[in-house]
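Q: My questions will all concern the structure given below.
The values are calculated or read from the model by the stated rules, or taken from the named source; none is laboratory data. As the structure is a prediction and not an experimental result, all values here were calculated from the model. Cβ placement follows ideal geometry from the backbone for every residue including glycine, while neighbour counts extend to all protein chains displayed. Side chains included, ligands, DNA and RNA excluded: accessible areas come from the protein's heavy atoms. Shrake-Rupley method; radii C 1.70, N 1.55, O 1.52, S 1.80 Å.
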Amino acid sequence: MYTESTLACPLARSPKVVDFRGSVSQAALSNILKKVQEDGLPDAFSEGTQRRQRGRTACQETPFGTLLQTLAIDDLAITVQHPMAMLWAACNASVEFASFFASVLDRDNNIVKIALYSDEISPSSQLDKPDERKTEAVYWSIIGFGPMALAQEEFWFEVCLLRSEREHQIRGGLPRLFKELMRLFCGAPDAQDLRSGVVFAIPGEASPRLLFGDSGLLIQDEVAHKFSTDAKGHAGTKLCLACMNVLSHRSARLPCPNGYCVSSASLDHSSFKLHTDASVRAALARLNDVERDVVRGDVLQSELDLMQQEFGFNANRESFIVDRPLHVKLISIMQFDWMHAYFVNGIFNWEFNQLMKDLNPFGKGHDYFHAYLQRWQWPKGYASGKYVCKKSSVMPGKRDAHASASDFLSVSPVLEKYVNDVCKDCGIDVNIIECMLALFVVVALLQRAASGSVGVDELNAAILRHLVLHQACRQLEMWKPKMHYALHLARSMQLQGILLSCFVLERKHRAVKRWMFLHQNRTDFERSVMEECTVSHLAAMAASLLDASDPREAPAAIAAAIRQCIPAACFPSAVMQTAFAAVVHGRRICLGDVCIYEHGGVRGIGSVWFHVAVNGVLHTCLAPWRQIHHGGHFVKSRVCDDAGLVPTEDLRASCIHTPAAVGAISTILVPMELRE
């Protein structure tokens, strides 16, 4: 029974909380108050003070001028983040990044190859019309950073965020914008040029370096390729930017009387007349000459229209491709994105949905597969494919699964096991099964391709085999231009030396959209968003090796256990922090995940209990599981709870698995990129 004295006791009172009704989430408010508790209340914190501090950080002086600069294009003043200035600021913001960049330059003899990416993004709902905040985002990085670094958002820098409404005001459009942005790296008159050498000082080094470089990669989806290069695109007569003679398989001009033009459904590489850097440049130059004749009245517009249709490009005198100082080698740097080709209304999506429809008569379609997915547990840092088929299974008439590219990629290993264990003996056509198994091989190779462990011929053979099997069981009913684009992926890997995907860049959009969403006023919209992105990017570069969202002092029980294992932790000055997650080899591995590790030359599987950093050196406490059976793409192991410490760098990747109690058997799916 409560007494009066009990009710009056201070311990029985409700804790004091901040009653804040603004548009701040509870998590954000909690972090703000925690920061105030740790660092104290700042002397000034008005909105104007915060804005001025943001501006000082984003516009700091560097040896290459201010971090954010104004680029004049026609009558427009466009805010850009100067690439070399941002690279210098990143090196000064993070000792770890500066050391990493120095090692890259040492390996590559101070030569950098620039990777560029662009896409149109918007923070608004698709129902908002007109969408005045739709923005062309252009990011860049350095190919030499390697696949693990390029899989992290912090290693891609924002060079420009320009509202589409203003981009359309530029004479020459997006190709002209690309020309001006590329000149920030090389080819600009009276400016620093990587081709001629740029003096760059890395903090901690006795003398500056002389960097050399050039454009090395242009990765985009097919729509962005179309608008940035003035190509006709997938809806044009000549639908492939990389080929001179490929027409849609539905074209009325096929079969071609003289045999020059071929169908996009052709799987004979020798039938494609491939563009070269010189042929693309010559085609655009010819179209520009004819366009000048049209302006003078010497040639009819209809003749130019016909030439553009035949060439597969539009005339544009302002394009970066025909700019002589830039001398861009388009075919050598252009790369189709395999994420969009396969997982964004792409080949995998079509094959998956058609497979489910084919399985429905046998009772193994969307409904059964949805129930099968519920048996599996996905790593916390991965997109979960558990509900890919949810709408298809509960909404009559909606038989196609719709999900993000990450969801479909994460469901791929489970679908592979489903096809092998459930579908093979259900009565479905064996050719359909063989087609799907060939597709899984392609997906596995694409995921491994960035690491350099996949050969060009191996990838090309796998893609070709899948498409041959696809045509054998589907004919041309489902054939799309993306299936032809997939045939160019191996060539791209050969030309650029690496095969990237846009998964990391699509994730980066979320951070940019967050700042775009907060800025409703279009007045100085681009500069404000660029300032926000620049400040947050520099802060992210300086973050801990542990997951930046949740590093904390190690609890007493964990600290005592660590001192028994690591002598350095016994000193009074030792700093121990734990975290929910750690980024290892570009992958986020979280508490509770089941992961593959390699320790002492032996590969094993275990469950992660926690990550701990002792004086900045990362370790992971995990419980190894005893392997019972290895089935190639899956492993059966007995769940154990005897944990020990391993260096965090020994972890390889988290795995999808079936939950099981201690002593029971769990099935673990080996990630496609780690299969031997």
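Q: Identify, please: which residue in the stretch 71-85 is of a type outside the set (Asp, Glu) and closer than 16 Å to Gly173 by Cα and is, among those, surrounded by the fewest Cβ atoms within 10 Å (Cβ to Cβ)?
A: If we take residues in the stretch 71-85 being of a type outside the set (Asp, Glu) and closer than 16 Å to Gly173 by Cα, then Ala72 is surrounded by the fewest Cβ atoms within 10 Å (Cβ to Cβ).
Q: To continue, here is another question. What number of residues in the stretch 633-654 are within 21 Å of Val411 (Cβ to Cβ) and free of Cβ contacts under 8 Å to residues at least 24 places away in the same chain?
A: Going through the stretch 633-654 one residue at a time, the tally reaches 0.
Q: Name the residue that is nearest to the chain's Cα centre (by Cα), counting only residues in the stretch 328-355 that are part of a loop (DSSP other than H, G, I, E, B) and in contact (Cβ under 8 Å) with a residue 12 or more places away in the chain.
A: Among them, the one singled out is Asp337.
Q: Suppose we keep only residues that are part of a helix (DSSP H, G or I), in contact (Cβ under 8 Å) with a residue 24 or more places away in the chain and open to solvent by less than 50 Å² (accessible area, probe 1.4 Å) within the stretch 364-377. Which one would you say is farthest from Ala341 (Cα to Cα)?
A: Tyr372
Q: Now a separate question. Filter the stretch 463-504 down to residues that are assigned to a loop (DSSP other than H, G, I, E, B) and of a type in the set (A, V, I, L, M) and give me whichever is farthest from the chain's Cα centre (by Cα).
A: The extreme case among them is Leu476.
Q: Give just the number: which of (1) open to solvent by 20 Å² or more (accessible area, probe 1.4 Å); (2) more than 29 Å from Glu120 (Cα to Cα); (3) touching a residue at least 60 places away in the same chain (Cβ under 8 Å) does Ala265 not satisfy?
A: (1)
Q: How many residues are farther than 16 Å from Leu591 by Cα and open to solvent by 30 Å² or more (accessible area, probe 1.4 Å) when one looks only at the stretch 611-624?
A: 3
Q: Residue under question is Lys134, and the condition is that it be under 20 Å from His225 (Cβ atoms), open to solvent by 20 Å² or more (accessible area, probe 1.4 Å) and modelled with pLDDT under 95; does it hold?
A: Here the answer is yes, as Lys134 does meet what is asked.
Q: Going through Pro361, Pro325 one at a time, which residue ends up being on the phi < 0 side of the Ramachandran plot, open to solvent by 50 Å² or more (accessible area, probe 1.4 Å) and in contact (Cβ under 8 Å) with a residue 60 or more places away in the chain?
A: Just one listed residue meets the conditions, Pro325.
Q: Follow-up. Can you confirm whether the stretch 305-313 contains a residue that is among the small types (Gly, Ala, Ser), at pLDDT below 95 and closer than 22 Å to His234 by Cβ?
A: Yes, there is a match, as at least one residue in the stretch 305-313 is among the small types (Gly, Ala, Ser), at pLDDT below 95 and closer than 22 Å to His234 by Cβ.
Q: Same structure, new question: Please identify the pairs in which a residue from the stretch 72-94 that is without any contact (Cβ under 8 Å) to a residue 60 or more places away in the chain has its Cβ atom under 6 Å from the Cβ atom of a residue that is assigned to a strand (DSSP E or B) and crowded, with 21+ Cβ neighbours inside 10 Å, counting only partners at least 6 apart or on another chain.
A: From the stretch 72-94, no pairs qualify.
Q: Do you know which residues across the stretch 495-512 are more than 17 Å from Leu446 (Cα to Cα) and not hydrophobic (A, V, I, L, M, F, W, C)?
A: Of everything in the stretch 495-512, those that are more than 17 Å from Leu446 (Cα to Cα) and not hydrophobic (A, V, I, L, M, F, W, C) turn out to be Glu506, Arg507, Lys508, His509, Arg510.
Q: Only residues that are touching a His at 6+ places or on another chain (Cβ under 8 Å) and modelled with pLDDT of 95 or more: list them for the stretch 486-506, please.
A: Residue satisfying the conditions is Leu487 alone.
Q: Let me ask something else. Considering each residue of the stretch 165-198, count those that are more than 16 Å from Ala72 (Cα to Cα), touching a residue at least 40 places away in the same chain (Cβ under 8 Å) and open to solvent by 60 Å² or more (accessible area, probe 1.4 Å), and give that number.
A: 1
Q: Is it the case, given these coordinates, that Ala149 is among the small types (Gly, Ala, Ser) and in a helix (DSSP H, G or I)?
A: Taking the combined requirement at face value, the residue satisfies it.
Q: From the list Arg107, Arg52, exactly one residue is surrounded by fewer than 19 Cβ atoms within 10 Å (Cβ to Cβ), more than 24 Å from the chain's Cα centre (by Cα) and closer than 25 Å to Gly146 by Cβ. Which is it?
A: Being surrounded by fewer than 19 Cβ atoms within 10 Å (Cβ to Cβ), more than 24 Å from the chain's Cα centre (by Cα) and closer than 25 Å to Gly146 by Cβ holds for just one of Arg107, Arg52, which is Arg107.
Q: Hey, another quick one. Select from the stretch 309-322 the residues that are in contact with a Gly (Cβ under 8 Å, 6 or more places away or on another chain), open to solvent by 10 Å² or more (accessible area, probe 1.4 Å) and either without any contact (Cβ under 8 Å) to a residue 24 or more places away in the chain or part of a loop (DSSP other than H, G, I, E, B) (or both) and list them in ascending order.
A: Asn316, Arg317, Glu318
Q: I'd like the residue in the stretch 341-357 that is of a type in the set (A, V, I, L, M, F, W, C) and open to solvent by 10 Å² or more (accessible area, probe 1.4 Å) and, out of all such residues, is nearest to Cys473 (Cα to Cα).
A: Result: Trp350.
Q: Would you point out which residue out of Trp88, Trp140 is open to solvent by 40 Å² or more (accessible area, probe 1.4 Å), of a type in the set (Phe, Trp, Tyr) and closer than 20 Å to Arg183 by Cβ?
A: Checking each option against the conditions leaves just Trp88.
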